[in-house]
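So the structure is just underneath, and the comments pick up after that.
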There are 2 protein chains.
Amino acid sequence: MDERLYSTLLYDFYGGLLTDKQKEMFESYYLNDLSLREIGEPFGITRQAVSDLLKRTKNLLAEYEARLGLVARHKALSASVEALEERLGTLRKSHPDGNWDEVLRNIEEIKEL
Amino acid sequence: MDERLYSTLLYDFYGGLLTDKQKEMFESYYLNDLSLREIGEPFGITRQAVSDLLKRTKNLLAEYEARLGLVARHKALSASVEALEERLGTLRKSHPDGNWDEVLRNIEEIKEL
């Protein structure tokens with residue numbers, strides 16, 4: 001998985017444990033695609049200082065993942081749900097008259113959790 | 001949900017964020033059912049001190065839940081998977097000849113995640 005995608009996935013799970021300033025900088029860089037210089041301006045800090053703060057935040061998120069493993073669990077869950085979806089798709093083809101719509105709605109619900 | 005069960009559920013999700021001492025005390029009390037006095041002895045602290053430390057640990061776990069909501073998400077996921085299981089059980093009865101064993105194995109996998 002590419003670094004940017006992995007970082008935003010970590011942020012999805014552990015962002016709630018960061019300070020407001022850490023969140024703001026992380027979002028500015030990873031979600032809103034601002035430059036390091038642009039991010040530093042309102043705080044009156046250099047691009048190097050922003051880069052250091054972002055690196056520290058990324059290390060913190062990685063530390064949370066090492067302790068709780070939520071991203072790894074999420075990946076395993078997604079893989080299982082996908083496999084289930086595929087099997088049910090096959091079953092549906094051979095038994096099209098069942099009430100599959102509710103089943104598929106259920107799966108969508110699970111995927112969103 | 002009763003307090004003891006809820007505390008152990010919080011611990012399942014956030015125990016990885018506690019210190020070794022916090023984990024040891026929490027497990028002694030909630031999982032191994034030791035008394036406050038018994039827990040305090042090896043640390044040379046009173047039952048009141050153990051009680052205070054346990055309360056602080058519980059508050060910390062509750063704070064993590066307020067920030068990340070993993071227990072709430074887990075409950076929602078369990079409810080969705082149960083509903084799915086029920087629907088598939090009904091479908092299976094009306095279409096017993098499909099390959100349901102793999103589907104059920106998949107669901108068990110999801111429940112364990």
Checklist outcome for this item: Over region B:1-60, the set of residues among the polar types (S, T, N, Q) and part of a helix (DSSP H, G or I) is B:7, B:8, B:22, B:28, B:48, B:51, B:57, B:59
Checklist entry - For region A:1-48, which residues satisfy the criterion of being touching a Lys or Arg at 6+ places or on another chain (Cβ under 7 Å), farther than 22 Å from residue B:73 by Cβ and surrounded by 15 or more Cβ atoms within 10 Å (Cβ to Cβ)? => result A:30, A:36, A:40
Next on the checklist: Looking at residue B:42 and the list (1) facing chain A (nearest Cβ under 9 Å); (2) farther than 30 Å from residue A:96 by Cα; (3) at pLDDT below 95, which single condition is not satisfied?
Outcome noted: (1)
Item to check | region A:74-112 - residue that is under 19 Å from the mean Cα position of the chain (by Cα) and surrounded by 16 or more Cβ atoms within 10 Å (Cβ to Cβ) and, of those, farthest from the other protein chains (Cβ to nearest Cβ) | outcome: A:81
Checklist entry - If the Cβ limit is 6 Å and pairs must be 6+ apart or interchain, which residue in region A:51-80 that is under 11 Å from residue A:14 (Cα atoms) pairs with which residue that is of a type in the set (D, E, K, R) and in a helix (DSSP H, G or I)? => result A:71/A:65
Next on the checklist: Given the condition within 10 Å of chain A (Cβ to nearest Cβ), free of Cβ contacts under 8 Å to residues at least 12 places away in the same chain and closer than 26 Å to residue A:96 by Cβ, answer yes or no: does some residue in region B:5-22 qualify?
Outcome noted: no
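Applying the selection to region B:66-100, what residues are over 23 Å from residue A:111 (Cβ atoms) and in a helix (DSSP H, G or I)?
Answer for region B:66-100, where residues must be over 23 Å from residue A:111 (Cβ atoms) and in a helix (DSSP H, G or I): B:66, B:67, B:93, B:94.
The values are calculated or read from the model by the stated rules, or taken from the named source; none is laboratory data. Bear in mind the structure is a predicted one, so any value in this text is a computation, not a measurement. Virtual Cβ from ideal backbone geometry, glycine too; neighbours counted across all protein chains shown.
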